[in-house]
2 protein chains.
Amino acid sequence: MKVLKIPEATVIRLSVYSRYLEQVRRKGTSTISSEEIARGVGVSSAQVRKDLAYFGDFGTRGVGYNVIELYGHLMKILGLTRQWQAVIVGAGKLGSALAMYAGFAQRGFKIVGVLDSDQHKIGQKLEDLYIEPFENLGSVVAQHKAEIGIITVPAEVAQNVAEAMVAAGIRGILNFSPRSLNLSDDIVVRNVDLSVNLEILSFYLGSRK
Amino acid sequence: MKVLKIPEATVIRLSVYSRYLEQVRRKGTSTISSEEIARGVGVSSAQVRKDLAYFGDFGTRGVGYNVIELYGHLMKILGLTRQWQAVIVGAGKLGSALAMYAGFAQRGFKIVGVLDSDQHKIGQKLEDLYIEPFENLGSVVAQHKAEIGIITVPAEVAQNVAEAMVAAGIRGILNFSPRSLNLSDDIVVRNVDLSVNLEILSFYLGSRK
DNA sequence: TATTGTGAATTTTTTCACAGCC
DNA sequence: GGCTGTGAAAAAATTCACAATA
């Protein structure tokens, strides 16, 4: 095992492996081979072994991987052995749904604030949170030590919101707006443009009939 | 220009270029260089030219690309000059938000049905749609000629829902559940696991401080 | 025997750099 | 003079294939 730059595709797959293992673990299986993991998530077994080898020798030749152990390693690698605090800016349909989405909490991501600049939305309740004025961003981030920001505002204001987040101390941004953000490169950004994903389906559907 | 296999990364970028051009077009700019597009979306200009070259010679040497023309080409390539009908199965937080999400309609994707098997949800109104029983899947798909299915159900039932979609005639699936789907390979599948994206942020945030 | 870990080979993707053209 | 289109070069990611070993 050598330490070097990890392909982003590897990081994505590690996250996928970890969920698959979580599920395998619940069934009580104690040992698993790279071949089984591969089948479970739809990649090659060599790929699984290569991905894992970036981080250590987790398996036993002739036997496979201990499910609980490997799961633990992956959670550690992914930084999921702690809780992360996140704020959402943009309390439209998507932002509100994400604020209440159970999937995030299950993996240790806690939404500590939902902000918007629309007077009509401010004060509305989303489960146990109230929508707050965007101006509160700095204090919410500071108070809850949030490090992750989720952007669900229209494209036109995404850059401004991103800059405000960075000024407030946010270090990583999940950007649902269809606008590429221009930020200092010590800020980690992931773009999740939902329409892009439908458009990719459209491309492949269109060209095959 | 040669016709050969298009990298998926290229398809993703084409979708991103098309949105950037839409925005440029609204400002009234008539001509744009690969360098400007590159800056606008955060890739290299050679990448932009290479991506476009898979599909044709759209530019003029010494001048650049005609914005409206190039936009039209991209929309055509992506299969977005028509409307697509889509059904959503799973009317939880996420599914309900997606059903009302304006971003899809803006790009020609029309949600024609939202289905769930929970008696408490059936009959509820989501803007101009009513949540229908999952059993209606076949008839909804047939009636509206839906070709795209969006899965927002829990992991345990995702595979079943996917198979029912395929049986109903769906050809492309956007899968928001954290489970890899096992389907005949003439079905186009895109996985959009929202937690995976947060976990990737977590990985990069964790390893840099 | 079964399965990992990993160099080497292969394939894919990106970048370079410049001829060709407006 | 400026910018595209594209072969060639470089870099990155994946697959192969097998020695190592429980």
Item to complete: Report yes if residue A:115 is in contact (Cβ under 8 Å) with a residue 12 or more places away in the chain and more than 13 Å from every other protein chain (Cβ to nearest Cβ), otherwise no.
Response: yes
Practice prompt. For residue A:184, state whether it is buried (at least 19 other Cβ atoms within 10 Å of the Cβ) and of a type in the set (S, T, N, Q).
Written response: no
Discussion item. Among the residues that make up region B:105-118, is at least one of them within 16 Å of DNA strand C (Cβ to nearest atom) and either at pLDDT below 95 or in contact with a helix residue (DSSP H, G or I) (Cβ under 8 Å, 6 or more places away or on another chain) (or both)?
Written reply: no
Item to complete: For residue B:5, state whether it is among the basic types (Lys, Arg), surrounded by fewer than 18 Cβ atoms within 10 Å (Cβ to Cβ) and either within 16 Å of DNA strand C (Cβ to nearest atom) or part of a loop (DSSP other than H, G, I, E, B) (or both).
Response: yes
Item to complete: Please determine, by comparing only the residues of region A:171-200 that are out of contact with any Leu (no Cβ under 9 Å at 6 or more places or on another chain) and hydrophobic (A, V, I, L, M, F, W, C), which one is farthest from the other protein chains (Cβ to nearest Cβ).
Response: A:183
Fill in: Candidate set from region B:70-80 (those that are away from DNA strand D (no atom under 11 Å from the Cβ) and assigned to a helix (DSSP H, G or I)); member that is surrounded by the most Cβ atoms within 10 Å (Cβ to Cβ)
B:74
Fill in: Qualifying residues in region B:136-161 (those that are more than 17 Å from the chain's Cα centre (by Cα) and closer than 20 Å to residue B:196 by Cβ) - the one nearest to the other protein chains (Cβ to nearest Cβ)
B:155
Discussion item. Could you tell me how many of the residues in region A:12-56 are within 11 Å of chain B (Cβ to nearest Cβ), free of Cβ contacts under 8 Å to residues at least 12 places away in the same chain and near DNA strand D (Cβ under 10 Å from one of its atoms)?
Written reply: 2
Fill in: One residue from A:190, A:208, A:171 being out of contact with any His (no Cβ under 6 Å at 6 or more places or on another chain), surrounded by fewer than 20 Cβ atoms within 10 Å (Cβ to Cβ) and modelled with pLDDT under 95
A:208
Worksheet item: Do we have any residue at all in region B:127-136 that's touching a strand residue (DSSP E or B) at 6+ places or on another chain (Cβ under 6 Å), among the hydrophobic types (A, V, I, L, M, F, W, C) and touching a residue at least 60 places away in the same chain (Cβ under 8 Å)?
Response: no
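The values are calculated or read from the model by the stated rules, or taken from the named source; none is laboratory data. These numbers come from a predicted model, not from an experiment. Because the Cβ atoms are built from the backbone with ideal geometry, glycine has one as well, and the counts that use them run over all protein chains shown.
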